[in-house]
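Below is one structure, written out as structure tokens; the observations come after it.
Taken together, the values in this text are just the output of simple stated rules run on the coordinates, not laboratory data. Only a predicted model underlies this, so the values are computations on that prediction, with no experimental measurement involved. Ideal geometry is used to build each Cβ from the backbone, glycine not excepted, and the neighbour counts take in all protein chains shown.
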Amino acid sequence: MQLSVKDLAVERAGRRIINNLSFEVSSCEALLLTGRNGAGKTTLIRTLAGYLTPTDGSVALKGYGEDRERREACHYVGHLNADKASLTVIENLRFWARYLGGGSNAASANGAQDRLWTALERFAIDPLADIPAGYLSAGQKRRLGLARLLVADRPLWLLDEPTVSLDVQSTALLAGVIEDHLANGGLVVAATHLPLGLANSRELKLGGQMSTAPAKGGALQ
């Protein structure tokens, strides 16, 4: 599977944010978007997810199925966690499982429930399962928002500043989850100001040049 972007241009409020951008990301690979604030990282992520329409150029996910929409292959995690404060942690995650197609009703309770708990455990929020999301710290809310990556299989993960509010330990948890996704053939595009410590990643600095070499020792190239 391959994400292919060719000659992409995107405008917002009459201003061209992205112009003549081309790159490819293949299975088992992560592309890290870097650059100053306002460089277009969020605009690019939202365009890849299908929320913004390009002014010019194309975005294609090759090898996913010609008759399927690209957004069906995407997990998108933006700046907001999309947690409902009045629902418990596990109720929030159960909603996302149903919405994303990774778990539904009581008929599939065993498999769906196991998947929910695996997601909670991977992000170390399983002890908080019955706590309303409104009582969580900022870091815990972020981990809950990220946990929905694991409740439904989608090959393309689009992450916009995923480490916001995360401490060093939680960032390491996220890196481990991403590494597992890549090892299983997934693709990741992540906007970040911090190195994620991924073994197979490249940097695309908006307004600059993309590194063709893997990142070493967690440092952005």
By the gyration tensor of its Cα atoms, with a ≥ b ≥ c the square roots of the eigenvalues, what is the shape of region 2-205: rounded for a/c under 1.5, prolate for a/b over b/c, or oblate? prolate
Run the numbers for I131 and K84: contour at 0.36 nm per residue of separation, minus the present Cα-Cα distance, in nm. 15.7 nm
Between A199 and A124, Cβ-based FRET efficiency (R0 22 Å, step 0.05) works out to 0.50
Be a star and scan region 179-203 for residues whose amide nitrogen sits under 18 Å from the point 7 Å along the Cα-to-Cβ vector of D153. 179-188
If the reach is capped at under 23 angstrom between alpha carbons, list the lysines near K205, excluding any in the same chain fewer than eight residues apart. K6, K41, K216
So for the chain: antiparallel DSSP bridges make up what percent, rounded to the nearest 5? 45 percent
Net charge dipole size for the chain [Lys, Arg +1 and Asp, Glu -1 on Cβ; Debye, nearest 20]: 520 debye
Would you be so kind as to identify all helices of the chain, as entire DSSP H runs, whose Cα atoms reach 18 Å or more along the helix's own axis and whose mean Kyte-Doolittle hydropathy is at least -0.5? 168-183
Quickly work out the S165-to-N19 label distance, labels modelled 7 Å from Cα along the C-beta direction, and quote it in nm with one decimal. 3.7 nm
Which of the aspartates and glutamates could a cross-linker bridge to K62, judged by Cα under 20 Å and excluding same-chain residues fewer than eight apart? D7, E24, E29, E72, D153
Please enumerate, by chain and number, the aspartates and glutamates with C-alpha under 12 Å from the C-alpha of K141, excluding those fewer than 8 residues away in the same chain. D83
